[in-house]
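Notes follow the structure.
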Amino acid sequence: MKKIILILIFISSVAYLNAQENCKWVDPKWRNFQFPEIEFTNMAEGTEGSDIYKRIVPDAVPFIQQHALWVAQTLYWSDQDSIPNIEKIKYTLEDKDGISAKGGQPPVINIFYSSRWVEKSELAQGDEKVLYETRGVLYHELTHGFQLEPQGIGGYKQGTEFWVFIEGMADAVRFHNGFFPVSDRKPGGSWMDGYRKTGYFLEWLTCKDPDFLRKFNKSALEIIPWSFDKAMKHVLGEQHTTDSLWSEYQDFLIKSQN
Ligand SMILES: [Zn+2]
């Protein structure tokens, strides 16, 4: 019996290592990516949300690590770039209201995910959509860990360009990886709205430059004090303003509705 268990442990750890090695080998530029250590704590044990989570994510550690790599690959060109050094992610599933949030600063960040939100999503949409939502939310929160932050314009405060950059980029990375339905992208609003409104816009700019999200992220290191207009000009050319690009984007949305 002991032998069988040992063999099983061996097989599962080989499979796990292979998953990581495979990811690294897909692209030689990411071979040395340092996967953060994941400290996963299920604080919602015994709740229905916890049971659903365990069903859709049977192995949370490699699941979170894999998404960390995909987020880094969306924001950077290679593992040699100035990627914030996240050594550890303390990830908790908790029986409380809200959806998800990131706290802390590298080298250790924490991410909370609500088991009540998992229950609500399951009731409304079933397992497949809960996994889609769980992955989408994870893309958003991991982006907060890996993204660069604008300098010289104060800190995170709703309604400021700093906040628009932080939340807009998090939803842009989520959308770029396929975790918002394109049917949610509608005309109207402002690029200063943050979250999805800004995120869809930033993602659309990858039509103009496939590396737009990487370059826009990197502009936080290159432009001090940072602003949307300065970053747009820096990445896409002097002839642009954020407003001119936004109105071009609005025209595209209106046309694609017809
Ligand atoms: Zn956020």
Could you tell me the relative contact order of the stretch 158-222? Use alpha-carbon pairs under 8 Å, at least six residues apart, and round to a whole percent. 36 percent
Return the FRET efficiency for the residue pair Lys129, Ser256: r is the Cβ-Cβ distance, R0 is 22 Å, and the value is rounded to the nearest 0.05. 0.35
Could you list the trypsin sites (Lys or Arg not before Pro) in the stretch 38-106 that lie in coil according to DSSP, counting only those with at most 14 other Cβ atoms within 10 Å of their Cβ? Lys96
What FRET efficiency would be calculated for the residue pair Glu48, Leu221, taking the C-beta separation as r and a Förster radius of 45 Å, to the nearest 0.05? 0.50
Assigned charges on the beta-carbon of Lys, Arg, Asp, Glu; the chain dipole about Cα centre (debye): 360 debye
Compute a Gaussian network model of the chain, connecting alpha carbons closer than 10 Å, and tell me which residue from Phe63, Phe165, Phe175 fluctuates the most. Phe63
In the structure shown, of Lys208/Lys255; Lys29/Lys102; Lys90/Lys157; Lys54/Lys120, the pairs separated by more than 19 angstrom at the C-alpha atoms are Lys29/Lys102; Lys90/Lys157
Tell me, what is the percent relative contact order of the chain, built from C-alpha pairs under 8 Å that lie six or more residues apart? 15 percent
When the scattering of the stretch 161-257 is computed by the Debye formula from its Cα atoms alone, each counted once and equally, what is log10 I(q)/I(0) at q = 0.13, 0.14 Å⁻¹? -0.39, -0.46
Viscosity 1.306 mPa s, temperature 10 °C: Stokes-Einstein D of the chain from its Kirkwood Cα radius, in µm² per second? 81 µm²/s
Is the C-alpha gyration tensor of the stretch 64-112 telling us rounded, prolate or oblate? Criteria: a/c under 1.5 is rounded; beyond that, a/b larger than b/c is prolate, otherwise oblate. prolate
Give me the distance in nm between label points sitting 7 Å out from Cα along the Cα-to-Cβ direction at Phe40 and Thr160, one decimal. 3.6 nm
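Any read-out appearing in this document is the output of simple, stated calculations on the displayed coordinates, not a laboratory observation. Just so it is clear, the model here is predicted, and its values are computed rather than measured. Cβ sites come from the backbone with ideal geometry, for glycine too, and all protein chains shown count toward neighbours.
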